[in-house]
1. Give me the residue from segment 74-101 that is under 15 Å from Phe153 (Cβ atoms) and among the small types (Gly, Ala, Ser) and, out of that set, surrounded by the fewest Cβ atoms within 10 Å (Cβ to Cβ).
2. When both residues are 6+ apart or on different chains and their Cβ atoms are under 8 Å apart, which pairs have a first residue that lies in segment 146-167 and is in contact (Cβ under 8 Å) with a residue 60 or more places away in the chain, and a second that is part of a loop (DSSP other than H, G, I, E, B) and surrounded by 23 or more Cβ atoms within 10 Å (Cβ to Cβ)?
3. Name the single residue that is modelled with the lowest pLDDT among those in segment 233-246 being over 16 Å from the mean Cα position of the chain (by Cα) and buried (at least 17 other Cβ atoms within 10 Å of the Cβ).
4. Against the definition (surrounded by fewer than 19 Cβ atoms within 10 Å (Cβ to Cβ) and in a helix (DSSP H, G or I)), how does Leu162 come out, yes or no?
5. Quick one: in segment 102-117, which of the residues that are in contact with a helix residue (DSSP H, G or I) (Cβ under 8 Å, 6 or more places away or on another chain) and over 16 Å from Leu156 (Cβ atoms) is modelled with the lowest pLDDT?
6. Restricted to segment 38-96, and to residues that are free of Cβ contacts under 8 Å to residues at least 24 places away in the same chain, hydrophobic (A, V, I, L, M, F, W, C) and outside any helix (DSSP H, G or I), which residue is nearest to Thr171 (Cα to Cα)?
7. Find all pairs meeting these conditions: Cβ atoms under 8 angstrom apart; at least six residues apart or on different chains; first residue within segment 231-242 and without any contact (Cβ under 8 Å) to a residue 60 or more places away in the chain; second residue among the β-branched types (Val, Ile, Thr) and part of a helix (DSSP H, G or I).
8. Any residue in segment 11-30 that is modelled with pLDDT of 85 or more and in contact with a helix residue (DSSP H, G or I) (Cβ under 6 Å, 6 or more places away or on another chain)?
Amino acid sequence: MSDRSFAIARVPGFATIAVAAFVLLYLPILTMVGYSFNASTSVSQWGGFSLHWYRLAWENETVKAATARSLIIATFAALISTAVATMAALGTTRRGRFRGQTGIYVMINTPLMVPEIVTAVALLILFGIVRQATGYQGLGYLILAHSAFCIPFAYLPIRARLEGMDLTLETAAADLYATPLATFRRITLPILAPGIMAGAMLAFVISLDDVIITEFVKSAGQDTLPTYMLGALRRQLTPEVNALSTALLALTVVLLTAFFLITRKRN
């Protein structure tokens, strides 16, 4: 008797569509990486292999300052948004259903559903009022703006991890007279750690490459690496932008690889 079970890989044209999808996804990225080693000043004509643009970016003090600023903002935004998202996930999953629960879930995830420019304009107006009242012009606005925008990105993997957790260990700890805080610290938190790490990593990456909110909220002299690259594209298109984009790509790949290895070891 032949095997008549359905398999998507056996559908005619599946391989062609799969290859086409991968080509569309990765060919532009591979082209950008290749041309970041271009010796020519042109981004479309190959002039030989060179590390000139990486060296130029490395020696550019403005690039160094923008990169450091991006990492600082992304780190604080990831920490703040992950902490808030963890509390929100615990509050919406570690209890019975209550009136308004769906509304709270929608409110937390609203930044994912509305256009980012709407969030940027709203934050611009709010922080403009605060600036006039306090006179403060520091990086705190960018950190708060990125944190607010990253909360739903951190919330989703943490909530998913909580919903997939077995409550047996927590129930056993309660039966053994463990306090709620001790149960959370010794049982819930270690099991939840991969979800928290996933949320923090996602929030960090989202903050690191954000352009729209940063453009609206930042003050003079507060360029992050993405906004510096946008300004460089407006001034003159050179392979230096390719080199910076490749460096950002490499950092993202390293973060993803580290997260995969850590979570696999934990599992």
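The values are calculated or read from the model by the stated rules, or taken from the named source; none is laboratory data. Predicted model only: the values in this text are computed from it and were never measured. When we count neighbours, we look across all protein chains shown, and the Cβ atoms used for this are built from the backbone with ideal geometry, even at glycine.
1. It comes out as Ala83.
2. His146/Asp210; Phe149/Asp210
3. So, considering only residues that are over 16 Å from the mean Cα position of the chain (by Cα) and buried (at least 17 other Cβ atoms within 10 Å of the Cβ), the one modelled with the lowest pLDDT is Thr238.
4. Yes; evaluated as a whole, the condition is true for this residue.
5. Glu116
6. Step by step, filter segment 38-96, then rank; the result is Leu51.
7. Short answer, once both residue conditions are applied: Ala232/Val241; Leu233/Val241.
8. Scanning segment 11-30, I find no residue that is modelled with pLDDT of 85 or more and in contact with a helix residue (DSSP H, G or I) (Cβ under 6 Å, 6 or more places away or on another chain), so the answer is no.
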